[in-house]
Each structure stands twice: as structure tokens, then as C-alpha cells.
1. Anything over 20 Å Cα to Cα? Flag those among Lys94/Lys118; Lys69/Lys115; Lys7/Lys109, in the order listed.
2. How do 103-115, 76-88 rank on mean C-beta neighbours within 10 Å, highest first?
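Bear in mind that the values in this text are calculations on the coordinates, not laboratory data. If you're wondering where the values come from, they're calculated on a predicted model, not measured in any experiment. Reconstructed Cβ throughout: ideal geometry from the backbone, glycine too, with neighbour counts over all protein chains shown.
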Amino acid sequence: ENQLLAKILYEHKDEMHNDFEFSDVLHEKEYDDEEGNPFMHIFVHQVIENQLAAKEPIEVTQFYFAVLKNKESRHDTIHLIGAIFVQFLFPVLKGESEFDNDGYQRMLKQFKGKKLEKVYEALDRL
């Protein structure tokens, strides 16, 4: 887990360096949806990496390889899966519902093999 976290942090060093370097100073900062929360971003990134490693749910792995066939980068593909995942995570964090694993798997199946831009457009319409 520590090696995976270090790898993810390293992959995001350019865009999130200050957030992590000065987290002790910024600990009370509230992030809005526009700018994104770098800590949530890293958390989601790690969840998706763990799902891929465990092949659980299998739809994550199937989706991942289908998107890679479209010549998308591994990193962008992880972010895309994360964008789908948060559709189901945020209602849980808000206390509105339990995680809808069946819905998550259905959405991964629905978007499997689609171009990255098309998936993001569809997610924006939700």
C-alpha cells in the first residue's frame, strides 16, 4: 500500500506538489467541486489501482483494457474509472445512500470501449 501511494503521489507531483508539501498549513482549506480535492483524487486513484490489482469488480479490469485499446494512456484510463467511481461514492459520503456496486458495474459495462471524451460527456449529463 505504501509503495502504491508513493507511486501515485509521484505521478501527480507536478500538479499537486504544493497541496501535499504545505498540507499542514492548508489543513483547513475547503475544496470546491471545480478545483477538486487533491486528497480525494489520490484516494480515488488508489481505490481504482487496488480494484485493478484484485480484479474486483471484474468490470473495472474489462473496462480498463477496453479503454486502453482506444490508445488512451494508463493514467487517463485510471482517472476515467475514478470519474465513474465517484458518481457512486459521493452519495455515500453525503450519507444519502449505500454504495451501489451493481450500478457501478452496470455503468462500467455501459461505457466499456467508448472513447474517453464520450464517457466524460455522458458523466457531465448525469
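1. Numbers: Lys94/Lys118 27 Å; Lys69/Lys115 10 Å; Lys7/Lys109 28 Å.
Too far apart for the 20 Å limit: Lys94/Lys118; Lys7/Lys109.
2. Order by mean packing, descending: 76-88, 103-115.
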